[in-house]
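Okay, structure first, notes after.
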Amino acid sequence: MADFDRESISQMRKSYGEKGLAESDAGGDPIELFLSWLNDAAQNPLIVEANAMVLSTIHDQSPISRTVLLKDITTQGLTFFTNYSSRKGRDIESNPEVSLLFPWYPMERQVIITGRATRVSAEESDKYFASRPWSSQIGAWASEQSQSLDSRQTLEKRWAEYSTRYPEGSEVPRPVHWGGYRVTPHTFEFWQGRYSRLHDRIRYTNISHGWEIERLFP
């Protein structure tokens, strides 16, 4: 084990700031508040990818998480793209209930979203795939995501084969195993760090006639 003072972990703590989140500032629409926070995160030089989100699914009755990138948000939900044959893709097909987490630590903020993931249309997936850089398009063909890989060389060989089949500058078709999911939100929970661990937590729950808003103990 690395030479590290494990007892020091329990002493790791940070005092959060004075900026809070009041219901009057949050408003009645969680998507508007989320977009405002996302814009703040995008402007923060300490946040590498503001649209990076932790996607949690259920795999063999156990939760598993990984980071994906948000690519669109509308009143219908939040969209990301992936290999449908990947572990997360198989998980979603088995149980479409998922959780999304945006951990904007430098801003002392996080957003948790729960919802149901469904595939977007083939036309929407085609449109986004066509907008990707050529190298990313080839990568989608070369990677059998989440499958066992015997060596790095095998992956690079597959990439070279597909880059020859679809040379740069040519039209690369979208693989049928690759496309988008849209998460229709059930809840949004906004967390703002506060002093003395008296954090602000406001949750929006999607109900038949709009959004129900409640404050939670930190």
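The values are calculated or read from the model by the stated rules, or taken from the named source; none is laboratory data. All values reported here derive from a predicted model rather than from experimental measurement. Counting neighbours? That spans all protein chains shown, and the Cβs are built from the backbone with ideal geometry, glycine included.
If you go through region 69-91, how many residues are among the charged types (D, E, K, R) and either part of a loop (DSSP other than H, G, I, E, B) or farther than 30 Å from L46 by Cβ (or both)? Write out each step before concluding.
Residues of region 69-91 among the charged types (D, E, K, R): 71-72, 87-88, 90-91.
If we keep only those that are either part of a loop (DSSP other than H, G, I, E, B) or farther than 30 Å from L46 by Cβ (or both) as well, we get 71, 87, 90-91.
So the count comes out to 4.
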Check: Checking P103 against (1) over 15 Å from the mean Cα position of the chain (by Cα); (2) surrounded by 14 or more Cβ atoms within 10 Å (Cβ to Cβ); (3) of a type outside the set (A, V, I, L, M, F, W, C), which single condition isn't satisfied?
Finding: (1)
Checklist line | Residue match in region 145-158 (condition: touching a residue at least 12 places away in the same chain (Cβ under 8 Å), farther than 28 Å from L35 by Cβ and over 22 Å from the mean Cα position of the chain (by Cα)) | finding: yes
Notebook entry, point to check: Quick one: which of L70, L33 is of a type in the set (A, V, I, L, M), touching a strand residue (DSSP E or B) at 6+ places or on another chain (Cβ under 8 Å) and in contact (Cβ under 8 Å) with a residue 40 or more places away in the chain?
Noted result: L33
Next item on the list: Could you please let me know if F34 is within 12 Å of A117 (Cα to Cα) and either modelled with pLDDT of 95 or more or among the hydroxyl-bearing types (S, T, Y) (or both)?
Entry: no
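To keep it simple, each residue is scored yes or no on (1) part of a helix (DSSP H, G or I); (2) crowded, with 19+ Cβ neighbours inside 10 Å; (3) of a type outside the set (F, W, Y).
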position	(1), (2), (3)
E93	yes, no, yes
V111	no, yes, yes
G115	no, yes, yes
E161	yes, no, yes
T164	yes, no, yes
V176	no, no, yes
G180	no, yes, yes
V183	no, yes, yes
H186	no, no, yes
Checklist line | Residue among Q137, Q145, Q153 that alone is surrounded by 12 or more Cβ atoms within 10 Å (Cβ to Cβ), of a type outside the set (D, E, K, R) and in a helix (DSSP H, G or I) | finding: Q137
Check: If you go through region 188-218, how many residues are in contact with a helix residue (DSSP H, G or I) (Cβ under 8 Å, 6 or more places away or on another chain), assigned to a strand (DSSP E or B) and not charged (D, E, K, R)?
Finding: 6
